[in-house]
Structure formats: C-alpha cells, structure tokens
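Participant: Before we start, here is the structure in question, set down as structure tokens.
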Amino acid sequence: MSPGAWRALPPRRYEEFLPWIERMKAGESDVLWRGRCPYFAVSSGTTAGRTKYLPVTPEMLRHFRRTGLDSLLFHAGRVGHADVFRGRHLFLGGSTVLTPLPVPSGRPLLSGDLSGITALNLPGWVEHQLYEPGREIALLADWPAKLEAIVARTCSRDLTLIAGIPSWLLILAERVLAATGRSVLREVWPRLECIVHGGVPLGPFARQLKAVAGPGVHFHEVYPASEGFIAAQDADPAAGLRLLTGAGIYYEFLPLAEYDESKLSELSGRILPLSSVSPGVDYVLLLSTPAGLCRYVIGDVVRFVTVDPPRLVYRGRTRLQLSAFGEHVIEHELTETLAEVAGVLGLTVTNFHVAPRFVGEEGSGRRGRHEWLLEVTAPAPGLPLSELTALLDAGLQRRNEDYEAKRVGGGLERPEVRLVPAGTFAGWLQRRGKWGGQNKMPRCRSDREIADALLEGR
C-alpha cells in the first residue's frame, strides 16, 4: 500500500471491523490477515458493552511473547540484576479454558481470555521454569476456588514475581497473609522482588499494596491490552511507560481535542505518526497489528511525557469520560485526585466510581453535581466527609480547567461523597460474571447506569 493510500484509510472502531472478524470466526482464511486465525481473545473492556472477539494470529502470539520478555528485561535493567528469573512467576490471569467456535469444517477455532491464550502458548522453558500457578489451576474458571488453590500451591514456592490487576493483587495478598499468619508478602516469599501491575492505574491502591508487599519489593507497571502489549516501565514511575515499538505493532495518534466518534471517516488527515507527537497532549491511540486491525481505535487516551525515547501515561477511555455538564473529566484525573486525598487522610480505598447527579434528582442541587461512590476499609474514626469532599473538589479543580471553570462559574455544585458498604463493588462485578481474572471496574461514566446499579444492589 502506498503512503498516500495508507493516509487515506479512516480510523475504525471494533464495530467497523466486525463483519471481517465474523468471517474469520467462521473459519475463513486470508480475511484481515494471511491464513486462518486460530484464536480469538474475548474482551468487553471496561465499558460494559458488546463482547469483543479480537483475532490472535501466530504473529500476534509472537508479539506478546517478545513484549512480555522485553518488559521483564526492563525491570532487570532498572534494578541492575536478573535475579527475578531465578524464581517462580505468579500470574493472576483469567481461566485458560478456551471455548471452541462453531466452524463448518477444519480444525476448531478457540476463544477465551487473552491471558489464557498466552498461557497455553508459553515457550517451554517459561512454563517449566517460571510459570505459576500451573496449568491445572490456571484452567479453573471459578475465581474464589481458583484463588484458594493458588494460595495453597504457592505459599511454599519460591516466588520472585507476582503479576495482576491491583485490586485482585490486594485480594490475593489478604488470602495469603491470612493463610500463613505473616504480616507482609516478603515474609512468605523472601526472594519476592517484583510486583507487576497493569490494566488500571495503581493510584489509590498504591499505599496499601506497598504496605502488604513489604520492604525491598519493586513495583513494575505495564500497559497491556487484548489488542496488543503497548508499553512498560523502563525508568522511574514519573517518567511514564516506554512505548513498545519494533515488536509488530504500528502506533498512530489522534489528538483527543479533534476526536469525534460520529465522524471517524473524516479524521484520517488528523492522524499523527509517532514522530509527530508532542509531550503534554492527550491523544486517542490507534493500532495497526499483525492480526489485520488497521488504524484500530482501541478506545484509550494517552499522553506523552517524553518523545525521545517515547514514554507515555494512560489517561483514560474515550467512552469513559465524565462530561455530563461539559467538564471533560477523564479517568486519570479522578484516580490521581483520589490517590492524593487518600494519602492526606490516611484512607485505604477498595474501589470507587464517579457519576453525575442531574438537575431535578434528589441531592443534585440547582445545577447538578458529581457523586463519588467510595468503598474504603478501616477508615479513620469519624472520617470527616466534608473535608474529604473539599479535598476531592479542590484536587480535581487543579487538574482540570473545564471542571474548575464549571465550579467557579456556578455550573456545577460541590460534589457529594457517599461511602458504600464493603462488598458493594464486588457484588456488582459478580452479578455480571466479572469477578476475578483481568476484569476491571469502570471508574466513571456520564450517566448513572453503573452508579444506580451499585446503590441498588443490582
């Protein structure tokens, strides 16, 4: 394809690729990528919408193997030694059970969680020398049973690395410490040196995770997705994550200020290559992958900290913004603000979600406001909600000029903070079959779909 023809290609969301993906799922060869695609990663992201079936070709598997190893080498380079490879690595992934797709003829095609697909395609040396919790436990789909089996198997193993989503890592730590009577994970696994976290910002979970890990444990952030392994930490956390170029994915960027989901076909001329991005600007991330997804709008917003080398931070989702009143607040701003306030007040945040309260609704005020739903553990006696609210409000105003303008100008009332009972968020996830594995909690929406379900227990 000529450079001119490539530049004319419009960006596309999953829905635009769906007709081709359905043909691939039916067993047809040479559709988006050469040959027949053997695997499909099932993903619903964090928007609670349509289930996605993302093609995973043999070339995509090579991409995941290479970037996974690169990420660990980044960690080894940061700490100055390779001791992480001298012990076992525990991955808190989804079930490795794969479901056959109905195809008219030929070898069955399989679908399932990406972590399951990659676990079943590990290099032999990784599976035998590093991988935990082993194939048998990895097959379990029942998360509570899987968690108990992981604890029983690994407490006596020599772990040097644990990887997972922060909220699930905390749950694992709680079970391990209860089972062993230890106070920190480093007492259970003396050579534990690395906790790999990704999927959602560490934010308000950082303080508690570092406390339960114990001294001497390094935290290593990664940016994985079912569409590709995008970035990994190669320096101090404040430097951002190194974009994983040269591993099969071509990255492009569309300024968020120019993004309009209803006019994607008109935006091809606005797309920038990596060589043209600038630090401090929010971009919608586009991927072209060795599974045939070209200029695919993954739905993530990123911002570069530096461009040489390219290091970025995850800012949120294009569809998970809080802008019911024109305030354009993104997930990263909410997470950063809550983490800062939790540190000031000594709070341990289990989960949270932020939604609008519209004019006319009870407690909305004359202009509408934000409602923060927080689940915290062991809050300080007499937690001052007024102080907590004021700090969240002030912190968000510092981070977001549109929100500040709405608050100062009277377009938004002061936010409301509501503490919800323990188990509120776990119940919401369980009722939707999203308990455990790689499932994430949406942090904000511009409607009350999730907030009302959380408050009503449905």
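The values are calculated or read from the model by the stated rules, or taken from the named source; none is laboratory data. All figures in this text were calculated on a predicted structure; none of them were measured in a lab. Backbone-built Cβ (ideal geometry, glycine too); neighbour counts: all protein chains shown.
Participant: What's the number of the condition Arg319 fails, among (1) within 21 Å of Glu16 (Cα to Cα); (2) modelled with pLDDT of 90 or more; (3) surrounded by fewer than 22 Cβ atoms within 10 Å (Cβ to Cβ)?
Facilitator: Only one criterion in (1) within 21 Å of Glu16 (Cα to Cα); (2) modelled with pLDDT of 90 or more; (3) surrounded by fewer than 22 Cβ atoms within 10 Å (Cβ to Cβ) is unmet by Arg319, namely (2).
Listed here are the residues, each with its yes/no results for (1) surrounded by 16 or more Cβ atoms within 10 Å (Cβ to Cβ); (2) farther than 27 Å from Ala149 by Cα; (3) in contact with a strand residue (DSSP E or B) (Cβ under 8 Å, 6 or more places away or on another chain); (4) acidic (Asp, Glu).
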{"site": "Ile171", "(1), (2), (3), (4)": "yes, no, no, no"}
{"site": "Glu187", "(1), (2), (3), (4)": "no, no, no, yes"}
{"site": "Arg191", "(1), (2), (3), (4)": "no, no, yes, no"}
{"site": "Ile195", "(1), (2), (3), (4)": "yes, no, yes, no"}
{"site": "Phe205", "(1), (2), (3), (4)": "yes, no, yes, no"}
{"site": "Tyr223", "(1), (2), (3), (4)": "yes, yes, yes, no"}
{"site": "Ala232", "(1), (2), (3), (4)": "yes, yes, yes, no"}
{"site": "Gly240", "(1), (2), (3), (4)": "yes, yes, yes, no"}
{"site": "Leu243", "(1), (2), (3), (4)": "yes, yes, yes, no"}
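Participant: Looking at (1) modelled with pLDDT of 95 or more; (2) crowded, with 20+ Cβ neighbours inside 10 Å; (3) farther than 30 Å from Lys25 by Cβ, which is the only condition Ser275 fails?
Facilitator: For Ser275, the exception is condition (2).
Participant: Select from segment 256-270 the residues that are surrounded by 10 or more Cβ atoms within 10 Å (Cβ to Cβ) and hydroxyl-bearing (Ser, Thr, Tyr) and write down the one among them that is farthest from Ala8 (Cα to Cα).
Facilitator: Selected residue: Tyr259.
Participant: Confirm whether Glu340 is charged (D, E, K, R), outside the structural domain of Phe64 (by TED's automatic domain parsing) and surrounded by fewer than 20 Cβ atoms within 10 Å (Cβ to Cβ).
Facilitator: yes
Participant: Any chance you could count how many residues in segment 250-269 are under 17 Å from Arg303 (Cβ atoms) and not in a loop (DSSP other than H, G, I, E, B)?
Facilitator: 8
Participant: All but one of (1) in contact with a Cys (Cβ under 8 Å, 6 or more places away or on another chain); (2) without any contact (Cβ under 8 Å) to a residue 12 or more places away in the chain; (3) not hydrophobic (A, V, I, L, M, F, W, C) hold for Asp308, so report the exception by its number.
Facilitator: So the condition that Asp308 fails would be (1).
Participant: Could I ask something else about it? Which ones in segment 51-68 are within 23 Å of Glu15 (Cα to Cα) and free of Cβ contacts under 8 Å to residues at least 40 places away in the same chain?
Facilitator: Listed by number, the list holds a single entry, Thr51.
Participant: Can you tell me which condition Val97 does not meet? The list is (1) more than 18 Å from the chain's Cα centre (by Cα); (2) modelled with pLDDT under 95; (3) part of a helix (DSSP H, G or I), and all the others hold.
Facilitator: (3)
Participant: Give the residues of segment 129-148 that are out of contact with any strand residue (DSSP E or B) (no Cβ under 6 Å at 6 or more places or on another chain), outside any loop (DSSP other than H, G, I, E, B), of a type outside the set (A, V, I, L, M) and at pLDDT 90 or above, sorted by residue number.
Facilitator: Gln129, Tyr131, Glu148
Participant: Run down Arg34, Arg23, Arg50 and say which single residue is of a type in the set (Lys, Arg), assigned by TED's automatic domain parsing to the domain that holds Cys194 and at pLDDT below 95.
Facilitator: From the options Arg34, Arg23, Arg50, the qualifying one is Arg50.
Participant: Looking at Ala247 and the list (1) outside any loop (DSSP other than H, G, I, E, B); (2) within 13 Å of Gly68 (Cα to Cα), which single condition is not satisfied?
Facilitator: Against the list (1) outside any loop (DSSP other than H, G, I, E, B); (2) within 13 Å of Gly68 (Cα to Cα), Ala247 comes up short only on (1).
Participant: Follow-up. Output yes when any residue across segment 381-389 is surrounded by 13 or more Cβ atoms within 10 Å (Cβ to Cβ), closer than 28 Å to Glu174 by Cβ and touching a residue at least 60 places away in the same chain (Cβ under 8 Å), and no when none is.
Facilitator: no
Participant: Determine which member of the set Val341, Val354, Val359 is in a loop (DSSP other than H, G, I, E, B) and more than 20 Å from Pro255 (Cβ to Cβ).
Facilitator: The conditions single out Val359.
Conditions (1) of a type in the set (D, E, K, R); (2) touching a helix residue (DSSP H, G or I) at 6+ places or on another chain (Cβ under 8 Å); (3) at pLDDT below 95, marked per residue:
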{"position": "Leu61", "(1), (2), (3)": "no, yes, no"}
{"position": "His75", "(1), (2), (3)": "no, yes, no"}
{"position": "Phe91", "(1), (2), (3)": "no, yes, yes"}
{"position": "Ser105", "(1), (2), (3)": "no, no, yes"}
{"position": "Ile117", "(1), (2), (3)": "no, yes, yes"}
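Participant: Give the number of residues within segment 136-150 that are within 15 Å of Arg175 (Cβ to Cβ), surrounded by 17 or more Cβ atoms within 10 Å (Cβ to Cβ) and free of Cβ contacts under 8 Å to residues at least 60 places away in the same chain.
Facilitator: Residues in segment 136-150 being within 15 Å of Arg175 (Cβ to Cβ), surrounded by 17 or more Cβ atoms within 10 Å (Cβ to Cβ) and free of Cβ contacts under 8 Å to residues at least 60 places away in the same chain: 3 in total.
Participant: Of all residues in segment 163-222, count the ones that are assigned to a loop (DSSP other than H, G, I, E, B) and either more than 25 Å from Gly77 (Cα to Cα) or in contact (Cβ under 8 Å) with a residue 24 or more places away in the chain (or both).
Facilitator: 18
Participant: Something else: If we keep just the residues of segment 22-35 that are out of contact with any strand residue (DSSP E or B) (no Cβ under 6 Å at 6 or more places or on another chain) and surrounded by 17 or more Cβ atoms within 10 Å (Cβ to Cβ), which is nearest to Pro102 (Cα to Cα)?
Facilitator: Ranking the qualifying residues of segment 22-35, first place goes to Gly27.
Participant: Are any of the residues in segment 106-128 within 30 Å of Gly216 (Cβ to Cβ) and part of a loop (DSSP other than H, G, I, E, B)?
Facilitator: yes
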